[in-house]
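See structure below.
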Amino acid sequence: MSRSSCHLFLFLLLFSLFPFPLLARPFVLVLSQDDLKDVQNDDASPLDSDSSWDDDDFGGTHVKPDDELDPGSWRRLFEPPTTLLSPSHDTSLDSYYAAVHKIISASNNGDSRLMEEAAAEIENAANTDGDPHARSVLGFLYGMGMMRERNKAKAFLNHYFAAEGGNAQSKMALAYTYSRQDMHEKAVKLYAELAEIAVNSFLISKDSPVIEPIRIHNGAEENKEALKKSRGEDDEDFQILEYQAQKGNAGAMYKMGLFYYFGLRGLRRDHTKALMWFLKAVDKGEPRSLELLGEIYARGAGVERNYTKALEWLSLASEHGLYSAYNGMGYLHVKGYGVEKNYTKAKEYFDKAADNEDAGGHYNLGVMYLKGIGVKRDVKIACKCFIVAANAGQPKAFYQLAKMFHTGVGLKKNLPMATALYKLVAERGPWSSLSRWALESYLKGDMGKAFLLYSRMAELGYEIAQSNAAWILDKYGERSMCMGESGVCTDAERHQRAHSLWWQASEQGNEHAALLIGDAYYYGRGTVRDYDRAAEAYMHAKSQSNAQAMFNLGYMHEHGQGLPFDLHLAKRYYDQALELDPAAKLPVTLALASLWVRKNYADSFLVSCSLWYMSYFCLSLPEHV
């Protein structure tokens, strides 16, 4: 494989795996020839000494339960175990969960007395017992200013010691904090560890569907269409699908299994129900269920693990033209699970998947060439394979590219890029369940609980959670049950918290958030009026090619508010707004008319008339709904 041929795949890489929500810009990675490191495949490289490359890069079936991957998670409170706990059950965390339960109840009911009691219990467990999970919650309370004075230093220290004690959510919070401060050396280490946990939970054959957190608003109003599809068993469409499945529709049976296996459309994951529906679908001749049955038996999800049966189901799937099943078959041969290890056979299966344009096949071939498993090691070919797989949306490929940028193997070392890629993958870890619980609470009308959960998730760096939490504060006000330093939030505390959340969301590409921040400073909502900072926020939105921001900047130049009085620049921004959004034709036409009057009839009564006309029809600086 020549270096130039690998470059063909390096010019533009669109991260289509993550369907970025409305108002957040897609993450685009542009690679040039300079990014490709010129390495000799037989030379020593960081691959030989870096322990991060010693892991099972094919992914693994020996995954731990989510409670072990995400210790201290609130899963026990939102998804209690369906079986009775054994007498040997560890009770050391019972007091911790009792305190967290009080926090959730207090947030939902606006009970400041109960919240103070719970915060005191958490603080005692953190400071006296040194419980890392209590430290994590205490860091959250200090960071948000809930029943404690808002203190970023104390929040950081508690998260630091919680992370040292193994709390994954505090590692996420720390990594996000470091990345915001461009401390990539520290951020990349944490995100790499968290991304590895996420990758090891992915499927061995087909790609897991992306369960993207739901944006509960579309900027102006509640996102009713998305919410309608997230009501789980209460959704009318789901009930129709279930009825069709019960009447023997094979396609409906397969979808039912899929929904329960992955926890789609607001359903709780239920591997037992998934297995039942997949088996029924197979009996009706539905071939797509064959591959998922192979996954279920390989993982022991709801059944006893059985690699022989897994291989049988996957082989049947491949015979029915489900080419991604070849990845699972190759994986079993690489690991020697249910069959003798056979790298040659494994490569044949991966080749078959890749030849049929399956992203997983390209990924697995990349791992073989990267590590020299059954083939001569060739980092350049591995690089090509990972980029092809990433272009097709293969999540594990993003992880490998992140490691290449992190270690300098195959690609030139680039810590900011590695950090961004690791973060994308890490956000698919088990801690993302917070979003599902928050959405369930929101749909039930439990705004306080929803706001608490979105706030916790926002602290971990999820842009959608930051946006959702801020929107709940703005939309529901006192009904958000926001808890402040000494009880239910004052208006000032609510505005300040919403401002902080919108700002964080704007940093991550949310245009609506940047506009709202600009409005807050321009009108003095929840903060001191500051035209300079308003202009800065609008500039941030403008950098994302936002037409409304362009118009606002033109207006501020026209009136000399926060920006120099400059009619030429004002016209340029007005013109750019119209170029970006044809719907801006009326306000831009009026604005340009005002500029013409200002330029040709300065100091006349017509200027005053034009200003009145603009303020009447264009609402001065246009509001954002």
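The values are calculated or read from the model by the stated rules, or taken from the named source; none is laboratory data. Here the structure is a predicted model, which means the values were calculated and not measured. We place every Cβ from the backbone using ideal geometry, glycine too, and count neighbours over all the protein chains shown. These accessible areas exclude ligands, DNA and RNA; they are computed on the full protein's heavy atoms, side chains included. Shrake-Rupley method; radii C 1.70, N 1.55, O 1.52, S 1.80 Å.
Filtered by the rule that a residue be assigned to a loop (DSSP other than H, G, I, E, B) and within 19 Å of Val588 (Cα to Cα), the range 518-562 gives Ser545, Asn546, Gly560, Gln561.
Going through Ala420, Ala359 one at a time, which residue ends up being touching a residue at least 24 places away in the same chain (Cβ under 8 Å), in contact with a helix residue (DSSP H, G or I) (Cβ under 7 Å, 6 or more places away or on another chain) and among the small types (Gly, Ala, Ser)?
Values: Ala420 fails: in contact with a helix residue (DSSP H, G or I) (Cβ under 7 Å, 6 or more places away or on another chain).
The match here is Ala359.
No other residue among Leu401, Leu439, Leu453 is in a helix (DSSP H, G or I), hydrophobic (A, V, I, L, M, F, W, C), at pLDDT below 95 and closer than 23 Å to Trp503 by Cα apart from Leu439. If you go through the range 402-419 and pick out every residue that is surrounded by fewer than 24 Cβ atoms within 10 Å (Cβ to Cβ) and over 14 Å from Leu370 (Cβ atoms), you end up with 6. Residues that are of a type in the set (Gly, Ala, Ser) and farther than 11 Å from Ile104 by Cβ within the range 439-449 comprise just one, Gly445.
So if I check each of Gly263, Gly219, which one is closer than 30 Å to Phe451 by Cα and touching a His at 6+ places or on another chain (Cβ under 6 Å)?
Values: Gly263 fails: touching a His at 6+ places or on another chain (Cβ under 6 Å).
On inspection, the qualifying residue turns out to be Gly219.
Go through the residues of the range 486-507 one by one and say whether even a single one is outside any strand (DSSP E or B), open to solvent by less than 10 Å² (accessible area, probe 1.4 Å) and among the acidic types (Asp, Glu). Among the residues of the range 486-507, not one is outside any strand (DSSP E or B), open to solvent by less than 10 Å² (accessible area, probe 1.4 Å) and among the acidic types (Asp, Glu), which makes the answer no. The numbered conditions (1) at pLDDT 90 or above; (2) within 29 Å of Phe78 (Cα to Cα); (3) surrounded by 18 or more Cβ atoms within 10 Å (Cβ to Cβ) are all true for Arg288 except (2).
Note on the range 342-365: among residues that are open to solvent by 60 Å² or more (accessible area, probe 1.4 Å) and not polar (S, T, N, Q), the one that is farthest from Gly321 (Cα to Cα) is Tyr343. Apart from one condition, Ile104 fits all of (1) more than 30 Å from Thr419 (Cβ to Cβ); (2) surrounded by fewer than 16 Cβ atoms within 10 Å (Cβ to Cβ); (3) modelled with pLDDT of 95 or more; the exception is (2).
If you filter the range 528-578 down to residues that are among the hydroxyl-bearing types (Ser, Thr, Tyr) and surrounded by fewer than 22 Cβ atoms within 10 Å (Cβ to Cβ), you find that the one that is modelled with the lowest pLDDT is Ser543. For Lys154, are the conditions met, namely being in contact with a helix residue (DSSP H, G or I) (Cβ under 7 Å, 6 or more places away or on another chain), surrounded by fewer than 24 Cβ atoms within 10 Å (Cβ to Cβ) and at pLDDT 95 or above? Yes, satisfied.
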